[in-house]
Structure formats: structure tokens, C-alpha cells
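The values are calculated or read from the model by the stated rules, or taken from the named source; none is laboratory data. Fair warning: this is a prediction, and the values are worked out from it, not measured in the lab. Methodologically, a virtual Cβ is constructed for each residue, glycine included, from the backbone with ideal geometry; neighbour enumeration extends over all protein chains shown.
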């Protein structure tokens, strides 16, 4: 049986009690319906969070706190986490779950307004809706050089329907693999039906833009994760 950190177990229980879907299958065919962070995603987030020594983690789309619980369970004592949820009820559940951890702040509102003031981030888990390339691109500005951006809710190409429009045009993949300031990879989860995208910020600013002196230098040991066959 797969074992989860105690805080993640609590978060999953809260999700059940609140009627918040634990899987995409439970959420149904409507892709706009939110669901919890999958265990495979959570474990990767935990691995990345564990490397954020004296760092800062951001999360867009707290839900009831499952993703936060995975990251909080492994992040160093000198790391902080800021997570933003637009739904007041969900944020209240997450706030109660995480209230005893002084490293974590749960904010209620629009992440586009709240999250930038807490940047730059060493790790940013963007689990909220970002409808266009420009909105996605703005997330890169929230990262330190060497910081990593993670998005889930991706379907591996090999299991897409033959007539899926995502075979011809996938906004998330186009962003991650086409952005000049990211080096990215896709990791297929063990269930083979879900994957996530991870991008590491390579440069401080777009070409031709003067560097900002306040940014912290990149950490050379923290490179993008290499995708494995599963």
C-alpha cells in the first residue's frame, strides 16, 4: 500500500469531507472542474521542495491544501510557502490544515494580484487556470534564475485520442518548450495517463533587457529534471 506523509493524509481526508475531487476521473469530463494534486505530482513537488534551502515556494490554486501538504512535508525548516486560493471555502479548509506551520501563508483572492508581491520563487506550482500564452509567460517573471515552474493536469501524447485537438496545439507544452527563458521536460506519471511539465528559468530577463541587480544568482546544482520512461 502506498504511504503518504501524515499531513497529506489529513489533506486527503479534508478533500473527501469537502467533496473536493481527489482525481481527474472524480472531477468528471469538465476540464474546468478542479481536483486535488495527484500522488505522483505530489511526490515530485516534495522532491523539488526539499531542495529549497532558505528559499521561497509559491502555489497558485491551493484547493483544500493537498499540494501544499506534499511540499510542506519535505521543505527545509528555513523555507517558506505562499499559496493562493480564490475560493473562500477551499482556502478556509487549507488554512485550518496548515495553521500550525508558521512557514506557510494561505492567501484568499486572485493570484494575479496577490502572488507577485511575494516573488521571486525558487519553486512555483501553478495549478490555477491560465488561459493564454501571455498569462503563462508572466509566471516566468516570478521565478529566480534557476527557479522551477511546475504545471500538472497534462495528458501524455501517447494516450490522447486520435482526434484530440491537443495533438495539433497544446498551449501548455508550447509555452514550456518554446519559451526562451525556460529549459523544460515532461514527466509521465506511473499511471501513464497523466503527466506534468517542469521548466527551469535560465536567464534573468529577455534578450536586450538590462539585468536587475536585486536578483539572486542561479544555483548551479538545481537543474531541470530529466524525464524517465515509466
Checklist line | Only listed residue being in contact (Cβ under 8 Å) with a residue 24 or more places away in the chain, within 16 Å of the chain's Cα centre (by Cα) and not in a loop (DSSP other than H, G, I, E, B), chosen from 57, 14 | finding: 57
Note to self: One residue is enough: does the stretch 142-156 have a residue meeting the conditions part of a helix (DSSP H, G or I) and touching a residue at least 12 places away in the same chain (Cβ under 8 Å)?
What the structure shows: no
Next item on the list: Would you be able to say whether some residue in the stretch 112-122 is closer than 25 Å to residue 38 by Cβ, buried (at least 20 other Cβ atoms within 10 Å of the Cβ) and in contact (Cβ under 8 Å) with a residue 60 or more places away in the chain?
Entry: yes
Checklist line | Residue check, residue 164 at pLDDT 90 or above, surrounded by fewer than 20 Cβ atoms within 10 Å (Cβ to Cβ) and closer than 18 Å to residue 58 by Cβ | finding: no
Next item on the list: Could you identify the single residue in 179, 133 that is touching a strand residue (DSSP E or B) at 6+ places or on another chain (Cβ under 8 Å), over 22 Å from residue 65 (Cα atoms) and in contact (Cβ under 8 Å) with a residue 12 or more places away in the chain?
Entry: 179
Check: Quick one: would you say residue 44 is more than 17 Å from residue 128 (Cβ to Cβ), modelled with pLDDT of 95 or more and under 12 Å from the mean Cα position of the chain (by Cα)?
Finding: yes
Next item on the list: State whether the residues of the stretch 21-34 include one that is touching a helix residue (DSSP H, G or I) at 6+ places or on another chain (Cβ under 7 Å), modelled with pLDDT under 95 and buried (at least 24 other Cβ atoms within 10 Å of the Cβ).
Entry: no
Notebook entry, point to check: Quick check: is even one residue across the stretch 44-52 over 18 Å from residue 151 (Cβ atoms) and touching a helix residue (DSSP H, G or I) at 6+ places or on another chain (Cβ under 6 Å)?
Noted result: no
